[in-house]
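Here is the structure we will look at.
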Amino acid sequence: MIIDFHTHVGDLRSPDEMNRIPVSFNNLINRLDDERIEKAVLLPVSVSPEIMQASLFFSNYSDINRLLKDASRYSDRLILFGNLDPRVGCLGNLEPAELDNPPITDFSPFLSRFKELGCVGIGEVTANLPMDDNRVVNLFKQCGNFGMPVLFHGTGPGRGVYGLYDEVGSPRLERLAQEASNTTIVGHGPGFWAEIDGNITLKNKYIYPKGPIRKEGSLVRLLREYPNLYADISANSGFNAISRDKDYGVKFLNEFQDKILYGTDVCYGDKEGRMPQLSYLRELLDNGLISREVFNKITGGNALKILTLYKP
Ligand SMILES: [Zn+2]
């Protein structure tokens, strides 16, 4: 079964992209049919201010409840995720004794509600916070208690971007993976994928660095060392990482065949918005560079393995 682990529905256009077509349920299902994809994980993105463009803000699907309600009509094709910003939650008035050490948010009412609505994971987390911020660790830990994997967008440090941020070498991601060791964590985004290369600089942690990979990056070490860490190859960041150096990419896909998830992150409903990941994997399969078993794990088997709450 082929599962696109990273899809969105809603108006994700920036103000200078109003000529593009937003993703609707209809054009998403049509794309899945066209590309012979059985199911898609639907990730709401409307919960963090950093992701919010005017078009999404005023779209029907800036309302996560409405998005999930409409998505439930496609339960044979869509796998639902809820989403939360790690800053969400009202602690009320602090007691004087709590000033230095404020209580942490209890996310269980949110997570229970998402579970009732049929959600089997949380994401895409896009808050612009340090990857090991206590609020991030708290959210990720509680998702693990609910058996829900969490998918995040990773970027480099600095203001004005979206996504959890980290320094070169992924020290914060390592701490998150340690602290939330009972949570399945799925990473994606430029800051996450640029770390496939050990010769990374701060400047190319935000972008799609090209060229051969001569030295293993921190991502490779973390995928080896942390059983709870997974990687989604969606978007330009994921595709660039596995294809910038074809030989290395093939080696990487084979080594981490149990931890890689095929996804697209298609953000537009038009044909130009489609992504090349699946045809690339099909080509590697046809050329004998990955086995049928590896192809099946990456394009669906691993997804079913980590989505423990999902009942097809
Ligand atoms: Zn996304």
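Every read-out reported here was derived from the displayed coordinates using simple, explicitly stated rules and does not represent laboratory data. Computed from a predicted structure; not experimentally measured. As a convention, Cβ positions derive from the backbone with ideal geometry for all residues, glycine included, and neighbour counts pool all protein chains shown.
Below is a table of values for the structure above.
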{"quantity": "Net +/- balance of residues flanking Phe57 in space, Cβ distance below 13 Å, scoring K and R +1, D and E -1", "calculated": "-2"}
{"quantity": "Net lengthening on full extension, Lys69/Arg87 (0.36 nm per residue, minus Cα-Cα)", "calculated": "4.0 nm"}
{"quantity": "Of all DSSP beta bridges in the chain, antiparallel share, percent nearest 5", "calculated": "10"}
{"quantity": "Neighbour net charge for Gly300 - beta-carbon separation under 11 angstrom, K R +1, D E -1", "calculated": "+1"}
{"quantity": "Only Lys, Arg (+1) and Asp, Glu (-1) charged, at Cβ; the range 197-312 dipole about Cα centre in debye", "calculated": "180"}
{"quantity": "Lys, Arg +1 and Asp, Glu -1 on Cβ, resulting dipole of the chain about Cα centre, debye, nearest 20", "calculated": "500"}
{"quantity": "Estimated inter-spin distance, Glu95 and Lys210, nm [label 7 Å along Cα→Cβ]", "calculated": "6.1"}
{"quantity": "CD proxy at 222 nm, helix term only [per DSSP H run n ≥ 4: -39500 (n - 2.57); per residue of the chain; nearest 500]", "calculated": "-9000 deg cm²/dmol"}
{"quantity": "Contour minus Cα-Cα distance for Arg175 and Asn145 (0.36 nm per residue)", "calculated": "9.0 nm"}
{"quantity": "Span from the the range 86-164 Cα centroid across to the the range 284-299 one, whole angstrom", "calculated": "35"}
{"quantity": "Selection from Ser291, Leu42, Ala235 lying farthest towards where the dipole of the chain points positive, charges on Cβ", "calculated": "Ser291"}
{"quantity": "Per-pair calculated FRET efficiency, R0 = 25 Å: Met52 and Asp270 via Cβ, rounded to 0.05", "calculated": "0.70"}
{"quantity": "Label-to-label distance, nm, for residues given as Arg159 and Asn254 (7 Å Cα→Cβ offset)", "calculated": "4.8"}
{"quantity": "GNM top mover of Leu151, Leu91, Leu117 - the chain, alpha-carbon springs below 10 Å", "calculated": "Leu91"}
{"quantity": "Net +/- balance of residues flanking Ser46 in space, Cβ distance below 11 Å, scoring K and R +1, D and E -1", "calculated": "-3"}
{"quantity": "Of the DSSP H helices in the chain, those whose Cα atoms cover at least 18 Å axially and whose Kyte score averages -1.0 or more", "calculated": "none"}
{"quantity": "Span from the the range 223-245 Cα centroid across to the the range 171-210 one, whole angstrom", "calculated": "9"}
{"quantity": "Selection from Gly123, Leu12, Phe256 lying farthest towards where the dipole of the chain points positive, charges on Cβ", "calculated": "Phe256"}
{"quantity": "Trypsin sites (Lys or Arg not before Pro) restricted to DSSP loop in the range 196-278 with at most 14 other C-beta within 10 Å", "calculated": "Lys210, Arg214, Lys215"}
{"quantity": "Inter-probe distance in nm under a simple model that places probes 7 Å from Cα toward Cβ, at Asp247 and Ser291", "calculated": "2.3"}
{"quantity": "Residue among Gly156, Val23, Val137 farthest towards the positive dipole end of the range 1-159, charges placed on Cβ", "calculated": "Val23"}
{"quantity": "Unit charges on C-beta of K, R, D, E only; dipole of the range 100-223, Debye", "calculated": "340"}
{"quantity": "Loop trypsin sites (Lys or Arg not before Pro), the range 63-92 (other Cβ atoms within 10 Å of the site Cβ: 16 or fewer; DSSP)", "calculated": "Arg87"}
